[in-house]
Amino acid sequence: ASSKKSVTLQEWEQKLGQIKIKKEDMNRLVMNFLVTEGYVKAAQMFEQESGTCPGINLGSITDRMEIRKAVQSGNVEDAIEKVNDLDPE
């Protein structure tokens, strides 16, 4: 029998209020989301406005999203072919 401690909403919000997040860290988190989800134009605009480097070539996002879509839909052979087209090595 294990006991779990409950936290009230007020306690939770108080603890969250005590956490300080640097703007640079938040910007990197936002950029990571935009890149991961394939929002190329938004990532480009965010890079210009915030100065946050995406860490990858934004032009490759479309290719990555095609590979991701192929994998998620079960077209593994198509995904492998796309990966090999992008980087034969």
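The values are calculated or read from the model by the stated rules, or taken from the named source; none is laboratory data. All values derive from a computational prediction rather than experimental measurement. Positions of Cβ are backbone-derived with ideal geometry, glycine not excepted, and every protein chain shown enters the neighbour counts. Each accessible area value is taken on the protein alone, full model and side chains, heavy atoms only, with ligands, DNA and RNA left out. Shrake-Rupley method; radii C 1.70, N 1.55, O 1.52, S 1.80 Å.
Of the conditions (1) open to solvent by 50 Å² or more (accessible area, probe 1.4 Å); (2) within 18 Å of the chain's Cα centre (by Cα); (3) over 30 Å from Lys22 (Cβ atoms), Ile67 satisfies every one except a single condition; which number is it?
(1)
Please work out which one of (1) polar (S, T, N, Q); (2) part of a helix (DSSP H, G or I); (3) in contact (Cβ under 8 Å) with a residue 24 or more places away in the chain; (4) under 23 Å from Lys22 (Cβ atoms) is the condition Thr52 fails and give its number.
Exception for Thr52: condition (2).
Hey, Met26 hits all of (1) part of a helix (DSSP H, G or I); (2) within 16 Å of the chain's Cα centre (by Cα); (3) within 30 Å of Leu86 (Cβ to Cβ); (4) not acidic (Asp, Glu) but one; which does it fall short on?
(3)
Considering every residue within segment 55-63, establish whether at least one is at pLDDT 95 or above, at negative phi, touching a helix residue (DSSP H, G or I) at 6+ places or on another chain (Cβ under 7 Å) and open to solvent by less than 70 Å² (accessible area, probe 1.4 Å). Working first, answer last.
Restricting attention to segment 55-63, the residues satisfying the condition of being at pLDDT 95 or above are none.
No, that holds for no residue.
Of the numbered conditions (1) part of a helix (DSSP H, G or I); (2) touching a residue at least 12 places away in the same chain (Cβ under 8 Å); (3) loosely packed, with under 15 Cβ neighbours inside 10 Å, Thr36 satisfies every one except a single condition; which is it?
Of everything listed in (1) part of a helix (DSSP H, G or I); (2) touching a residue at least 12 places away in the same chain (Cβ under 8 Å); (3) loosely packed, with under 15 Cβ neighbours inside 10 Å, Thr36 misses just condition (2).
Can you name the condition, by its number, that Ser3 falls short on among (1) over 30 Å from Arg68 (Cβ atoms); (2) in contact (Cβ under 8 Å) with a residue 12 or more places away in the chain; (3) of a type outside the set (Val, Ile, Thr)?
(2)
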